[in-house]
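Derivation of every value follows stated rules applied to the coordinates shown; laboratory data play no part. Given the structure is predicted, the values throughout are model-derived calculations rather than measurements. Reconstructed Cβ throughout: ideal geometry from the backbone, glycine too, with neighbour counts over all protein chains shown.
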Amino acid sequence: MDGRSTVDVIVVGGGPTGLMLACELRLHGVGVVVLERLAERTAESRGRGLHARSVEIMDQRGLLERFLAVSEKFRVGGLFGGVMAAWPDGMDTAHPYGLATPQAVTERLLEERARELGAEIRCGHEVAGLEQDADGVDVELADGTRLRSRYLVGCDGGRSTVRKALGVGFPGEPATVETLIGDLEFTEDRAKVAEVVERVRRTELRFGVAPDIDGRAGVARMIVPADGVAEDRSTPPTLEEFRARLRAVAGTDFGAHSPHWLSRFGDATRQAERYRVGRVLLAGDAAHIHPPTGGQGLNLGVQDAFNLGWKLAAEVDGWAPEGLLDSYHAERHPVGARVLTNTRAQMTLLGAAPGPTALRELLTRLMEFDEVNRYITGMITAVDVRYDVGAGRAGDQDGGQDSGHELLGRRLRDVPLSDGRRLYGLMHTGRGLLLDRTDGGRLSVDGWADRVDHVVADIVDDEDGDPGVDVPALLLRPDGHVVWVGEDRQELEAALTRWWGTPRWGEAGER
Ligand SMILES: Cc1cc2nc3c(=O)[nH]c(=O)nc-3n(C[C@H](O)[C@H](O)[C@H](O)COP(=O)(O)OP(=O)(O)OC[C@H]3O[C@@H](n4cnc5c(N)ncnc54)[C@H](O)[C@@H]3O)c2cc1C
């Protein structure tokens, strides 16, 4: 194509999803160019933190220390539609907490990592359109420049240009309510602010004021219901509009002034019909939008990227078995749909009418049952995600979620190993992993050793108790999900073939 070089993968959008994906692709040596419309990263944070599954992901890639250095831990369970509960006992994770990390910090840390790994991030590059053919994707930028890549992933947010260019349907519901959000300075006394917030939130849960947001003294994050739904939500509210809504809802505007950031968001709930069209894929908000209740959107996007990265790398590298890349849609679309469903339920619960109020009271009672709290917490934190990986045996494609061992399709929590190492510490490279607990390590990954590590060690109990892993060996994908358990060599080889393709003998295959 006119002498232009072809990039392996173009990632459109340098938000949390695009940056995480860039990191994952670079781990496998895939050439990545991230095209980000903004010339400079915004300092404002929509997302407030990482839930337990994303915390695990950062640990699996050796990034957790960086996040811990700049984040407070929080331990809230049952975070659902304005109901909160204590963190439940017995959650299946070695990271029983969330991290209060402003989105801007998450983006900074992921960008830093992506650059370290060699991703090229071009800011001020807006994608205007694209066309694909059998061998690649041509991208047109807003300034008329053209680029070509073998694959392209649209991580360009809810109004995704990529999704629209593909013509992929985005069914769901439009916004019915709108909320104004902003970071503003204020003159009101803090005790008075707290008193007003306490009073208003008894009936209006879409209202809140959090002083000293992100450690910025004198700046408060304020949210307040808008009056109706704006035609164009990309236009921020004015300071006057914001203050008028504060006065209407809370009876005071807290002397709000000097806004650092003003924005609005709705409760539109939509999901892309397809996450893949040929050589173009969608991830993060480009694939799904929903209200921010439960703080799940950023986490969902990062987890999409974690699922997609190694599969796309395998495709680029030429070893992907048939169907691997399509398993991205098959696995992640249902997970996204489930989040949409839970946010719909949460929005109903947030209502001020007697019905939702009564439901909230009931749910608050129900949350006192540990099992209910664990279920809700597992769902919001995404530690309960289970993919349909069949029964873990090649050829047994129709094995549903109920077939096979309980661990199949789930990610394994971090566990301490008998050699003093921890499982997640062995997953930083993004390769597959055979955890072999058989006597003397009788199993082998010969033929796949260039893609899968063989670790001979036992799992030991730690302060989180007995990890409940009762199998002689487990095969983990690069995203930590279990795709095979047992000790039968033939079954193991079938599973290796199913997820990592044909064996490669010789130096690379038998290290
Ligand atoms: C008020 C609010 C609070 C929230 N709180 C939470 C929370 O606590 N926890 C949570 O998990 N989630 C939260 N979310 C959701 C979270 O902010 C989003 O889900 C998250 O930002 C999605 O990440 P993304 O990378 O997929 O998309 P985005 O963050 O939207 O990033 C897309 C990127 O693509 C760029 N881009 C767009 N178009 C183009 C183009 N044509 N060419 C090049 N670049 C382009 C954009 O500039 C942007 O940088 C909240 C959302 C809101 C509105």
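Brief remarks on what is shown
- The antiparallel fraction among DSSP beta bridges confined to the chain stands at about 70%.
- Peptides 138-150, 92-104, 272-284, 335-347 ranked from most to least packed, by the mean per-residue count of other Cβ atoms within 10 Å: 272-284, 92-104, 335-347, 138-150.
- Between region 321-385 and region 55-79, the Cα center-to-center distance that results, in Å: 21
- Principal axis extents of the C-alpha atoms in the chain (largest first, rounded to whole Å): 74, 62, 39.
- Rounded, prolate or oblate (a/c below 1.5 giving rounded, otherwise prolate when a/b exceeds b/c) for region 177-266 by Cα gyration tensor: oblate
- Percentage relative contact order, region 177-266, counting C-alpha pairs under 8 Å, at least six apart: 46
- Cβ crowding within 10 Å averaged over residues, with 176-189, 115-128 ranked highest first: 176-189, 115-128
- Pair-distance distribution P(r) for region 424-500, from all Cα-Cα distances in 10 Å bins starting at 0: 19, 55, 24, 3 percent.
- Within the chain: Cβ-based charge dipole about Cα centre, in debye rounded to nearest 20 (Lys, Arg +1; Asp, Glu -1): 1140
- Helix 239-250 axis, angle to the chain major axis (alpha carbon atoms, nearest 10°): 80
- Across region 89-102, rounded Karplus estimates of 3J(HN,Hα) from the backbone phi angles (6.51 cos²θ - 1.76 cosθ + 1.60, θ = phi - 60°) give 5, x, 5, 7, 7, 7, 10, x, 6, x, 10, 7, 10, x Hz, Gly and Pro being marked x.
- Rounded tilt (10° steps) of 103-116 against the dominant C-alpha axis of the chain: 30
- For region 1-59, the square roots of the Cα gyration tensor eigenvalues, ordered a ≥ b ≥ c, give a/c of at least 1.5 with a/b no greater than b/c, which places it in the oblate category.
- Other residues with beta-carbon under 10 Å from the beta-carbon of ARG279 carry, at +1 per Lys or Arg and -1 per Asp or Glu, a net charge of -1.
- Axis angle, to the nearest 10 degrees, between helix 297-317 and the longest C-alpha principal axis of the chain: 30 degrees.
- Rounded to whole Hz, the Karplus (6.51, -1.76, 1.60) HN-Hα couplings of region 58-67, x for glycine and proline: 4, 5, 5, 10, x, 9, 5, 4, 5, 6
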